[in-house]
């Protein structure tokens, strides 16, 4: 007779969910009106002239009109570096459902293709340890790929999870052979965070940002804690993305209304 011991993993409902979203439709003309001709930065284009650079950075207008073609750009790890990756099937289904709920007046979501991104990626490659330059390079590549696909705006998002494991009062059983398999002596906690930013492909105008977070926990036997951490990590990531899609839908609805008021 063969004995098979099944590790008890007691899943507990999601403990905490959080989200934050905002939109932006402010006018460059209104903002630039705060300058006077005597203020520094009114003239001069030297690379180290921060006042001129600030003025230039603010001199863009919201040009998005609905219905629109909005790209979905998923950032994920590739060779240990943040990169544009294909949208997972489950997440793609969530974005398609959001598009259907937004209706025909919204337009469509279009995945930004990593293959197209590889075709238009800038030749300059930042040093692996230069995270700021790497982030700028990635954003430039995404905008170039979105432009090649003739998209109006692009929603760039990423998701991450952290997992912690801690012994609980049942840890005494870990010293026994069977206890390490069956006694739920490990408390495993995970937090998932998803973030998104909607920008104009043509001029980089930031139309909105969304952040969602999810906390969850489980209990596991010691010898199965690795599986529990992997499973819980994936669970909170999926939950965070689901919330992000919902919050992004609400953000886009508000953005559409705000832009319509400007017309």
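The values are calculated or read from the model by the stated rules, or taken from the named source; none is laboratory data. As the structure is a prediction and not an experimental result, all values here were calculated from the model. Cβ coordinates were reconstructed from backbone atoms using ideal geometry, including for glycine residues, and neighbour counts include every protein chain displayed.
As a summary of the residue check, residue 9 satisfies the conditions (1) at pLDDT 55 or above; (2) farther than 24 Å from residue 204 by Cα except for the one numbered (1). Of all residues in segment 232-240, at least one satisfies being surrounded by 17 or more Cβ atoms within 10 Å (Cβ to Cβ) and modelled with pLDDT under 70.
Looking only at residues of segment 184-206 that are in a loop (DSSP other than H, G, I, E, B) and at pLDDT 85 or above, we find that the one that is surrounded by the most Cβ atoms within 10 Å (Cβ to Cβ) is 201. Exactly one residue among 130, 140, 152 is surrounded by 13 or more Cβ atoms within 10 Å (Cβ to Cβ) and free of Cβ contacts under 8 Å to residues at least 60 places away in the same chain, and that residue is 140.
In segment 47-62, the residues that are within 14 Å of residue 205 (Cα to Cα) form Cβ pairs under 9 Å with partners that are modelled with pLDDT under 85 and outside any loop (DSSP other than H, G, I, E, B), at six or more places apart or across chains, as follows: 62/262. Residue 118 falls short on exactly one of the conditions (1) surrounded by 14 or more Cβ atoms within 10 Å (Cβ to Cβ); (2) at pLDDT 90 or above, and that condition is (1). Within segment 39-59, being outside any helix (DSSP H, G or I) and either at pLDDT 90 or above or more than 25 Å from residue 121 (Cα to Cα) (or both) holds for 39, 40, 41, 42, 43, 44, 45, 46, 48, 49, 59. Restricted to helices (runs of 4 or more DSSP H) entirely inside segment 66-151, those with at least 2 residues that are over 17 Å from residue 244 (Cα atoms) and in contact with a helix residue (DSSP H, G or I) (Cβ under 6 Å, 6 or more places away or on another chain) are 114-120, 131-148.
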